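Contents: one structure, followed by commentary.
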Amino acid sequence: MTYVSTVTRAEGTRPTLVRGVVRVRSADLLNDAFGRVREEVHSVVDGLSPDQLSHRIDSRANSIAWLVWHLTRILDDHLADVAGTEQAWTAGGWAERFGLPFSPAATGYGHGSEDVAAVRVDSGDLLTGYHDAAHDLAVSYVDRLTDPDLDHIIDERWDPPVSLGVRLVSVVNDTAQHVGQAAFIRGVVLRST
């Protein structure tokens, strides 16, 4: 039986065909997942005004702008941490471009209603530009990983300790959930206009 891979790959990588079966590296699957989140981020933000991006269903709800900023901060923060690199947020000047009233280390974790309201953007291009920069760094790092790399323990504060693979899947899960929330809000916003 032959399996056809629909996994998208960073330039230069190819699945291996072994005895009629396409072998895909774990890194390819992770990068495919990050790519799907990226596509959805662009879909969610596309064509919305600054007011629509900042719309909150009620006073304690998150906005699309905050959700996309937060999910990108998590992607950027967590991948830079495991890669041992500087985050796109600071290295690429995104913190200054956003001009948010938070520490450059803030990722949105623990934010309250006033913090959510503070995340306003002049255009969706700022959100997608930052997401693309963080995504590119993440994909570049993940593409260099081998399957045995994913077993490496990176955080012993948990029981069981967290491996690199588990951390990467956690980031995929978190970002996918948040972009799904943003997509729901987009639907509400578009139905009310």
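The values are calculated or read from the model by the stated rules, or taken from the named source; none is laboratory data. The model shown is predicted, which means the values in this text are computed figures rather than measured ones. Here the Cβ is made from the backbone with ideal geometry for all residues, glycine too, and neighbour counts use every protein chain on show.
Restricting attention to the range 49-65, the residues that are surrounded by 15 or more Cβ atoms within 10 Å (Cβ to Cβ) and either polar (S, T, N, Q) or within 19 Å of the chain's Cα centre (by Cα) (or both) add up to 7.
Just one of the numbered conditions (1) part of a loop (DSSP other than H, G, I, E, B); (2) in contact (Cβ under 8 Å) with a residue 40 or more places away in the chain; (3) aliphatic (A, V, I, L, M); (4) exposed (fewer than 15 other Cβ atoms within 10 Å of the Cβ) is not true of V188: (1).
Checked against the criterion of being over 14 Å from N31 (Cα atoms) and at pLDDT 95 or above, the range 134-144 has no qualifying residue.
Look at the range 153-176: where a residue is buried (at least 17 other Cβ atoms within 10 Å of the Cβ) and a partner is of a type outside the set (A, V, I, L, M), sitting 6+ places away or on another chain with Cβ atoms under 6 Å, you get L164/H152; V171/H78.
Return the residues of the range 89-118 that are more than 17 Å from R56 (Cβ to Cβ), of a type outside the set (G, A, S) and surrounded by 11 or more Cβ atoms within 10 Å (Cβ to Cβ); say none if nothing qualifies. Please lay out each step first, then the result.
Keep residues of the range 89-118 that are more than 17 Å from R56 (Cβ to Cβ), which gives 89-99, 101-107, 109-110.
If we keep only those that are of a type outside the set (G, A, S) as well, we get 89-90, 94, 96-98, 101-102, 104, 107, 109.
Passing the criteria: W89, T90, W94, E96, R97, F98, F102, P104, T107.
Residues V179, V121: which one is in a helix (DSSP H, G or I), of a type in the set (V, I, T) and either within 30 Å of R56 (Cα to Cα) or under 18 Å from the mean Cα position of the chain (by Cα) (or both)?
Details: V121 fails: in a helix (DSSP H, G or I).
Result of the check over V179, V121: V179.
Scanning the range 66-86 for any residue that is of a type in the set (A, V, I, L, M), surrounded by 17 or more Cβ atoms within 10 Å (Cβ to Cβ), farther than 20 Å from H178 by Cα and in contact with a strand residue (DSSP E or B) (Cβ under 9 Å, 6 or more places away or on another chain) turns up at least one such residue. Listed by first and then second residue, the pairs with beta-carbon distance under 7 Å, at least 6 apart or on different chains, first residue in the range 126-139 and over 17 Å from E40 (Cβ atoms), second surrounded by fewer than 24 Cβ atoms within 10 Å (Cβ to Cβ) and among the charged types (D, E, K, R), are L126/R97.
What do you reckon, is L126 closer than 30 Å to A27 by Cβ, in a helix (DSSP H, G or I) and touching a Leu at 6+ places or on another chain (Cβ under 7 Å)? Lay out the reasoning, then the answer.
Working: closer than 30 Å to A27 by Cβ: yes; in a helix (DSSP H, G or I): yes; touching a Leu at 6+ places or on another chain (Cβ under 7 Å): no.
Answer is no for this residue.
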